[in-house]
Amino acid sequence: MENITINIVNTIGDRYGVEAEDGQKVFELITTAFSDQKRVNLSFQNIEMLTTAFLNTAVGQLYKDYEEIFIKKNLSVSNISESGKVALKRVVETAKLYYKDPDALKRSIDEIIKG
Amino acid sequence: MSKLISINNTFESYQSLITLYENYKAELFSDIHVEIHQFFAANISAALGAVLDKFNSNLNDIHFDYISPQIETILSKNDFLTYYGKQRAVDVNNTTIKFQKLKPTDGKYFKSYVINELIEGHTSDLPRMSAGVKEKIVEAIYEIFVNAQIHSESKFIYTCGQFYPNKNTIEFTIVDTGIGFKEKINRRFGSNLSATQAINWAIQDRRTTKVDISGGIGLAVLKEFISMNKGKMQIVSSDGFYQFGCDGELLRKFEGEFPGTIVNLQFRTNDKINYSLKSEIDINDIF
């Protein structure tokens, strides 16, 4: 399988990876590359600010369509800041749980109603 | 005529703003007279601006019949009163973070606002924050702004802040006039939660109303940072009030409803924690 690099700054045209809409652009490139049998390296070089909202759409939603083992094998990251790494790990762990049990949120509402 | 007296970041002050809104929300083509006395926390301009804009959208005329001179100076320095026909004043102490009214799609303007007002502005003067703390504060403010963009369904987002060098704090307030936590959650899950129940649900980790996309981390991350920084966060949404700070958590109900959501953040600028420490996360073990 061929390796390609997706440069986030270039993809979103910004050093701030903060808006969910921009995350969607990154997500679409990753899925296109995966469909074309490419391994993806996501480069965070020169990214100065990240929000979890951006990372949720860029990376988190991959877990809806792809198995964890597939993502582990075909996606890597580089040049990410320490705080970015912490945020990304948290986004990934949240996504894994969310797609394993999408009804958990509804149950948490029901629990409040039941008191 | 409505008098706003000693408006700060307290439950009672938010109640005064809600009462102002409730008193005039049904008015159309009227003259609304407001007086501001004694004290007005500059950052709360964001919330007052949102309420007055609701009145403006009903084609009412706003008249400031009296503003205490000191308050008028501050609200002229932070640009708030320039939206109401007053002249801008120069902020020689450089402690204001300007009042801004943005469309949710104005993310790029918000970025230059944050850079000018928080990152590059105020570098030569007060307060001197460590780079790590400044980055965490900006990150927290962004999480809230993006939340308002995604969830509020508001036409505008109002922001304002203030440095308090003597207290070593920054206050920053983000306000929208959208559907609020209660409506958003109840629509998504077909539930009937109260505003306080809805806020309390949303601030827990991994709670999101988004469909098919995981999330709900932003508010939890903010709360963790506020806890380490020994700051304070407050959420006013519909008739719900939530506060988290050194004194713990507080949930209360207002008389009447705020027409949207206020998030008020207080950060300590003399925080000595090193937030740039290397994490133990292996870059090859993220997925």
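Couple of notes before you dig in:
- Integer Hz, Karplus 6.51/-1.76/1.60 couplings in order for segment B:73-83, x for Gly and Pro: 4, 5, 6, 8, 5, 8, 6, 4, 6, 5, 6
- Peptide A:41-51, shielding by other chains (average Cβ, 10 Å cutoff): 2
- Between B:GLN38 and B:ILE283, the distance separating the two model label sites (each 7 Å from Cα on the Cα→Cβ line) works out to 5.6 nm.
- Taking one quarter of the surface of the C-alpha convex hull of segment A:2-114 gives a mean projected area of 7.4 nm².
- Signed unit charges on C-beta, dipole axis of the protein assembly as shown, positive-most listed residue B:GLY107, B:PHE244, B:LEU118: B:PHE244
- Segment B:54-65 - phi-based ³J(HN,Hα) in whole Hz, Karplus 6.51/-1.76/1.60, Gly and Pro as x: 4, 5, 4, 5, 9, 6, 8, 9, 9, 10, 8, 6
- Neighbouring Cβ atoms from other chains, within 10 Å of the Cβ of residues in A:80-91, number 5 on average.
- Taking a quarter of the surface of the Cα convex hull of the protein assembly as shown gives a mean projected area of 20.1 nm².
- The accessible-area ordering, largest first, of the residues B:ARG207, B:ARG252 stands as B:ARG252, B:ARG207, per a 1.4 angstrom probe.
- Dipole magnitude of segment A:2-114 about its Cα centre (Cβ charges: Lys, Arg +1; Asp, Glu -1), debye to nearest 20: 320 debye
- Neighbour net charge for A:VAL18 - beta-carbon separation under 15 angstrom, K R +1, D E -1: -4
- Once all protein chains are placed together, B:ASP106 keeps about 30 Å² accessible to a 1.4 angstrom probe.
- Sparse-neighbourhood loop sites, GluC sites (Glu not before Pro) in segment B:43-135 - DSSP loop, at most 14 other Cβ within 10 angstrom: B:GLU120
- Derived scalar couplings between HN and Hα for segment B:105-113 equal 7, 7, x, 5, 5, 4, 4, 5, 4 Hz in order, rounded to whole Hz, by the Karplus curve 6.51 cos²θ - 1.76 cosθ + 1.60 (θ = phi - 60°), x for Gly and Pro.
- Taking every residue in A:19-27 and counting other chain Cβ atoms within 10 Å of its Cβ, the average works out to 3.
- Stokes-Einstein D (µm²/s) once Rh is taken as the Kirkwood radius of chain B over alpha-carbon pairs, at 37 °C in 0.692 mPa s: 167 µm²/s
- Computed over protein heavy atoms with a 1.4 angstrom probe, the accessible surface ordering of B:GLU22, B:GLU139, largest first, is B:GLU22, B:GLU139.
- Segment B:231-287 and segment A:5-43: distance between their alpha carbon centers, rounded to Å: 30 Å
- Across B:TYR142, A:TYR98, the residue with the most accessible area heads the list, and the full order at a 1.4 Å probe is A:TYR98, B:TYR142.
- Contact order normalised by residue count of chain B, Cα under 8 Å, 6+ apart, percent: 17 percent
- Chain A: angle of helix A:20-35 to the longest principal axis, Cα-based, in degrees nearest 10: 70 degrees
- Helix A:82-100 axis versus longest C-alpha principal axis of chain A: approximately 50°, rounded to the nearest ten.
- All Cα pairs of segment A:68-115, percent lying beyond 14 Å: 67 percent
- For segment B:144-244, taking the reciprocal of the average inverse distance between every pair of different Cα atoms yields a Kirkwood hydrodynamic radius of 14.5 Å.
- Summed residue charge, Cβ within 11 Å of B:ARG88's Cβ, Lys/Arg positive, Asp/Glu negative: +1
The values are calculated or read from the model by the stated rules, or taken from the named source; none is laboratory data. Because the structure is predicted, anything quoted here is derived from the model rather than measured. For neighbour counting, all protein chains shown are included, and Cβ atoms are generated from backbone atoms with ideal geometry for every residue, glycine included. The accessibility values were calculated without ligands, DNA or RNA, using every heavy atom of the protein model including side chains. Shrake-Rupley method; radii C 1.70, N 1.55, O 1.52, S 1.80 Å.
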